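Structure record follows, encoded as structure tokens.
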Amino acid sequence: MTKIEPQPGIMEIAPYVGGQSAIAGRTDALKLSSNENPLGPPPAAVEAIAQAARTAHLYPSTDHADLRGAISQVHGLEADRVICGVGSDEVLQFVCQAFTGPGDEVIHTAHGFAMYPIVAHMAGATPVRVAERDRVVDIDAILAAVTERTRVVMLTNPGNPTGTILRQAELTRLADGLPGDVILVLDCAYIEYAAGHDGGVDLARTRDNVLMTRTFSKLYGLGGLRIGFGYGPKALIEVLMRIRQPFNLSGVQLAAAEAALRDPDWAARCVGLNADQRARLTEALRGMGIACDDSHTNFVLARFADADEAGAAHQALLDAGIIVRRVPGYGFPEGLRMTVGDAAQTGRLIAALQDWREAA
């Protein structure tokens, strides 16, 4: 019997397993495992969703003109250099699909987003994992890993799950050091939480081989709708547009994202709340002798003495009705990634950890 074989790379992809989202027998579970906005989507977006639902029988626009126009106005980006996707994940997939294949290499870092090797394998390319240094992306290690087969470098900035960030000078050094035919993707899903950083806009605007991606899942509280976008050289965007399905975003998604973008007061409120509670959580962790780097995101990576201690803390939090994320797959068996919640949620998390420390 003839055996049906998938394309090269497909069987290298391990099925994705999401983080825990509920605790059996508890109705008061606090989910701090997925970096979700504790305030949810802005009311304007909720209203836009309700309005758009009334016309769900109609096909959405194929050019995403209104959303791209809003992105242009709010972020100061040229609309014809923007591509919208089903989360920023889909834009990453477009890059590998359009520019890589069997025999090509995609560089990603040890603690980078788990989707990078997946989208590389989807295209039949080979993912190349490069070590980081003290939980920070190592530019020299990336440049040393570049070969004649390298086609794409994917970089999370700020990092997930580390929360660390590269400064503009380092990003520029990386861009300057890459061959002109290697695409640098700056994946900036959390950049709104990092004060004083442009999210790679300047490099994506001025370089022929730099693409920046962002998402509506984090700051804008629309993770359940899956919306993101990419910005970069017009020539690259035009290539990606050729493989984007014409109706990849629904009318509901488009309306919600545009409404969220046009509510800057809501965004500012969310950023302010996150900054305050992130500082509170960081100080409390360090006060308990739990290591953590300064985070530039809406989560903190708590590092315990070893995997056993992290497991004990994780179980104690579950017993207290709190779900955080273990991250051994990202290279941190000793780590727990904790979403920054609102004041009450952060207080509950800190109290549970203090109770565990005192009982240990």
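The values are calculated or read from the model by the stated rules, or taken from the named source; none is laboratory data. Small disclaimer: the values here were computed from a predicted structure and weren't measured. For neighbour counting, all protein chains shown are included, and Cβ atoms are generated from backbone atoms with ideal geometry for every residue, glycine included.
Points worth noting:
- One residue from 297, 282 being surrounded by 15 or more Cβ atoms within 10 Å (Cβ to Cβ) and free of Cβ contacts under 8 Å to residues at least 60 places away in the same chain: 282
- Residue within region 66-73 that is touching a residue at least 12 places away in the same chain (Cβ under 8 Å), part of a loop (DSSP other than H, G, I, E, B) and under 30 Å from residue 268 (Cβ atoms) present: no
- Only residues that are in contact with a Ser or Thr (Cβ under 8 Å, 6 or more places away or on another chain) and either part of a helix (DSSP H, G or I) or modelled with pLDDT of 95 or more (or both) were counted across region 8-32, and they come to 2.
- Within region 105-115, the residues that satisfy the criterion of being buried (at least 18 other Cβ atoms within 10 Å of the Cβ) and in contact (Cβ under 8 Å) with a residue 40 or more places away in the chain are 105, 106, 107, 108, 109, 111, 112, 113.
- Residue within region 98-107 that is under 30 Å from residue 300 (Cα atoms), outside any helix (DSSP H, G or I) and either in the same structural domain as residue 122 (by TED's automatic domain parsing) or more than 23 Å from the chain's Cα centre (by Cα) (or both) present: yes
- Residues located in region 323-352, provided they are touching a Ser or Thr at 6+ places or on another chain (Cβ under 9 Å) and β-branched (Val, Ile, Thr): 323, 324, 339, 340
The rows are residues; the columns are (1) out of contact with any Gly (no Cβ under 7 Å at 6 or more places or on another chain); (2) of a type in the set (Gly, Ala, Ser); (3) under 21 Å from residue 258 (Cβ atoms).
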residue	(1), (2), (3)
68	yes, no, yes
76	yes, yes, yes
80	yes, no, yes
108	yes, no, no
117	yes, no, no
120	yes, yes, no
124	no, yes, no
142	yes, no, no
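- Yes/no for residue 91 being buried (at least 24 other Cβ atoms within 10 Å of the Cβ), touching a residue at least 60 places away in the same chain (Cβ under 8 Å) and within 15 Å of the chain's Cα centre (by Cα): yes
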